[in-house]
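Rule-based calculations on the coordinates, nothing more; no lab input. Predicted model only: the values in this text are computed from it and were never measured. Note that each Cβ is placed from the backbone with ideal geometry, even for glycine, and that neighbours are counted across all protein chains shown.
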Amino acid sequence: MIPNKNKKGQLVVLSGPSGVGKSTVIAELMAQRKLFFSVSYTTRQPRVGEADGVNYNFVSREEFQRMIDADELLEYTQYQGNYYGTSLKILREKLDAGVDVLLDVEVEGAGNVRRRCPDALLIFMIPPSFEELSRRLHGRNTDNEQVIAGRLARAREEYKEIPKYDYLVINDKVAHAVAEIEAILTAAECRMANRKYIVEGDYAL
Ligand code: ADP
Ligand code: 5GP
């Protein structure tokens, strides 16, 4: 393997309706591939099983507002009454060090990332059916009926944004979705623009 001295990391955005399986697929993907998951900041309450600093950095609204005012966020949004946002600092450090970075953000955030980082890859994940999405949200057993109804309604809105994405992945089986995302990342890595260093650098013929 040729050492990649000059390569910057690839920024990858994964969106999809709440409950489609993004966290599940990301966990599996990270077990298989060197990838940094950008832990977002949120003002929502932790779900059972979620850990601070792992799934999210859970902060107060005051702290989130301070981050907005200090321009510390690449993007942020309000979703179902809570703030969610991506910290700029660690993301920059990782990309500069050549590490690929994965963001789990909703559609508005994805649009904002695209504006600020035009080279980002945008992937949208869908479930095999709307009924299955509802089943997964109920099966996760973390939200009440009202919250689930809000998330399902939001899913219908989010679907309208799918054409703005570069790739569509169907999470029927976790292993299948992971394999599709791996294929996307590998193809991106092989793009000529990302491999100029091979033909122009020390390895030129
Ligand atoms: P998200 O991060 O998109 O909100 P989660 O990863 O929390 O979604 O998944 C929601 C629920 O669906 C969880 O209970 C998870 O175990 C389940 N799930 C995820 N992917 C699949 C799949 N391919 N088939 C069946 N259930 C799944
Ligand atoms: P959840 O509450 O289900 O964890 O997340 C709700 C929604 O917020 C999901 O669609 C998720 O992709 C999105 N989200 C999580 N972190 C961020 C973030 O940092 N920025 C934006 N814009 N959306 C986020």
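Taking only C-alpha pairs under 8 Å that are 6+ residues apart, what is the relative contact order of the stretch 11-67 in percent?
Details: 33 pairs, mean separation 14.3, N = 57.
That works out to 25 percent.
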Once phi for every residue in the stretch 191-197 is put through the Karplus expression 6.51 cos²θ - 1.76 cosθ + 1.60 (θ = phi - 60°), the whole-Hz ³J(HN,Hα) values, with Gly and Pro written as x, are 4, 3, 4, 8, 10, 4, 4
Lys and Arg at +1, Asp and Glu at -1: neighbours of Leu29 with Cβ under 12 Å from its Cβ sum to -2
Listed residues Pro163, Pro17, Pro46; largest mean-square fluctuation, Gaussian network over the chain with Cα springs below 10 Å, found at Pro163
Amide H neighbours of Cys117 at under 5 Å, excluding residues fewer than 5 places away on the same chain, with H built from the backbone geometry, are none
Output for the stretch 3-108 (equivalent-ellipsoid semi-axes, sqrt of 5λ from the C-alpha gyration tensor, Å, descending) is 23, 18, 12
Under the Karplus relation with 6.51, -1.76 and 1.60 and θ = phi - 60°, whole-Hz ³J(HN,Hα) for the stretch 46-57, x at Gly and Pro, equal x, 7, 4, x, 8, 10, 4, x, 9, 7, 8, 9
Log10 I(q)/I(0) at q = 0.16, 0.18 Å⁻¹ for the chain, from Debye over equal alpha-carbon scatterers, is -1.12, -1.40
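With both partners inside the chain, how many of the DSSP beta bridges are antiparallel, as a percent to the nearest 5?
Approximately 30 percent, going by the DSSP bridge assignments.
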Of the listed links Lys7/Lys173; Lys160/Lys196; Lys8/Lys164; Lys8/Lys173; Lys22/Lys89; Lys34/Lys89, those spanning more than 27 angstrom between alpha carbons are Lys7/Lys173; Lys160/Lys196; Lys8/Lys173
quick note, the stretch 9-89, DSSP beta bridge pairs, % antiparallel (nearest 5) is 65 percent
By the mean-Cβ-within-10 Å protection proxy, highest first, 190-199, 114-123 rank as 114-123, 190-199
Under the helix-only model (-39500 (n - 2.57) for each DSSP H run of 4 or more, divided by the residues of the chain), the mean residue ellipticity at 222 nm, to 500 deg cm²/dmol, is -13500 deg cm²/dmol
Per the 1/(1 + (r/R0)^6) rule, R0 = 35 Å and r from the Cβ atoms of Lys173 and Asp96, FRET efficiency to 0.05 is 0.50
Sorted by chain and then number, the residues having a modelled amide H within less than 5 Å of the amide H of Tyr56, at least 5 places away or on another chain, are Ala51
Between Asp100 and residues 5 or more places away or on another chain, the pairs with built amide H atoms under 5 Å apart involve Gln10, Phe36
